[in-house]
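See structure below.
Read-outs: derived from the displayed coordinates by stated rules, not from any lab. All values reported here derive from a predicted model rather than from experimental measurement. Note that we place each Cβ from the backbone using ideal geometry, even for glycine, and neighbour counts take in every protein chain shown.
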Amino acid sequence: MTTQSDTIEISGIKKSFGTNTVLHDISLTVSGGEVLALMGANGAGKSTLVKILSGVYDADGGSIAVNGEPCTLDTPQQARDSGIVTVHQIINDGVVQDLTIAENLILDQLCDGRFPAFMSKSVLHERAREVAATIGIDLPLDTQVADLSQADKQLVAIARALSVKPRLLILDEPTSSLSEREALRLFEAVEHMRDQGVAIMYISHRMSDIRRLADRIAALREGRIVGLFEKPLDYDGAVHSMLGHAVGEVMHAYKAGDQARMVFDQVKLAEDSRAFDLELKTGQIVALTGLLSSGCATVVECLFGMQAFAGGRVTLDGTDWRVKSPREAIDAGVYMVQEDRGNNAIIPDFSIENNTSLPFLKSFSWFSFINREREKARVKEAIDLTRVKYTDPTHEMMTLSGGNQQKVMVARWMLENCRVLLLNEPFQGVDISSRRQIGKLLRETAQDRVTIAVCTDVEEALEIADRVIVFNHNNLVGDHRIDQIDMATLIKQIAAAPDADLPSSSSAPAQATELHA
């Protein structure tokens, strides 16, 4: 039974990979009944610390104790036996795709012998419903997890973690795939666990999450704890410590674009949605925003050949755009940075170098022979351009932090010039500093292409875009110039009910302070 006395002490943890020291004497205490928010830029060491606490990596020095008793965390199972449970940022680490929701939710209890090895389907579902209720999951329990959306997979992973009644619950970017409503359910579950005396380490780049949940904040920079903040929490001070400098206002000049390259004519995203017209120009970055399932992702997936529009016509440089597969899209110069890099983009066992060059091996080949020197030179140029923090490009991708993995995914599509660049949630799991580096790069290289970015986070959309286009229930409901945005209108368009009488696109100038609301 978890009590308020549970305390997890992390003392002098060190970790190096070769000559690269990632963690320097990390010392933290997380007490039962509190949420400690861990903030840090990509590459600061957050992922390494989490993997040590989870029993994935061995620390080079230091110790971990629960209630004063030293813990041996040589394996993930030892970590769980000690009461340390992690919900990783990569959703596949927390669910088994080939099992049903019910089987996932009680898998740990079956493995540790708390439930009988053989039980009827009705009993299994009864036990699983009890677990699902902890976070309000309302889905058919016999659904295979592989058939769920990313958001629902995340909720299943979190419910599974809560089911083992952890002493320390580590949540790594848990809201990155959740809608606002789903995030609220998560917050309520976290607060319930805190009230039950669970110690919670919450890792997030979203200040809204941290403002809602955090009792304390620890700022991590370059492998060191550089700030500990108690209530009343100094959020600006925490960000300053994390980045090493103050956060300035982010504003950029509006670009009208050059020639019209992609034209939408009476396009429909669903049979029951309204048709819309849209013209996209080279040199201009367009952000599509809205709630999850608003239709933003549908637009880029249809353009990339992953599915078809429900109606209408799209032309690219005056020619009908009707690709039937991502391969066709890539061959025609339309590239896409996928939302779920873990499932749809990264090959974990491949090196940084091989992951980057993968779609364009033909460019480095003569018959069946690859010119490795040319490949290495182009990859280095691309990953240096996107400021990837790496030790050696021949190391495996999974040695990089989540943010640096995302930079590699952007670098991949910078290897060759394209006509249209699609980015589906390009800043997911990326810290403020890295986000701005990627945004700056996209703006600097946008001149000869159309750039379309799906950003359900409005702040991210405002940072990157010349135009912000709002979708709501598969309908285009707003089209805003970055220098003429009225935030009240924008938010109303995003959040409105399907049949609401929405205001038209705004014309009031955007306020700089609203970018960081």
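Here are the numbers for this structure:
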{"item": "Where chymotrypsin sites (Phe, Trp or Tyr not before Pro) in DSSP loops with at most 11 other Cβ within 10 Å are excluded, longest remaining stretch of the chain", "result": "119-366"}
{"item": "Within straight-line cross-link reach of Lys121, lysines at Cα separation under 26 Å, skipping those fewer than 8 residues along the same chain", "result": "Lys153, Lys165"}
{"item": "Descending principal axes extents, the chain, alpha-carbon based, whole Å", "result": "69, 55, 50"}
{"item": "Gain on full stretching of the segment that runs from Asp74 to Ile491 - 0.36 nm per residue minus C-alpha separation", "result": "145.4 nm"}
{"item": "Mean separation of Cα contacts under 8 Å, 6 or more apart, over the residue count of the chain: relative contact order %", "result": "16 percent"}
{"item": "Gyration tensor (Cα) of the range 348-417, equivalent ellipsoid semi-axes in angstrom", "result": "20, 12, 10"}
{"item": "Virtual spin-label span in nm between Cys111 and Glu230, 7 Å along Cα→Cβ", "result": "3.9 nm"}
{"item": "Normalised per residue, the volume of the convex hull around the Cα set of the range 20-157 (Å³)", "result": "145 Å³"}
{"item": "Directionally averaged shadow of the range 7-243, computed from the convex hull of its alpha-carbon atoms, nm²", "result": "12.7 nm²"}
{"item": "Along principal axes, Cα extents of the range 14-74, largest first, whole Å", "result": "36, 25, 18"}
{"item": "Cross-link partners of Lys389 among lysines (Cα-Cα below 28 Å; sequence separation of 8 or more within a chain)", "result": "Lys14, Lys15, Lys46, Lys51, Lys362, Lys376, Lys380, Lys407, Lys440"}
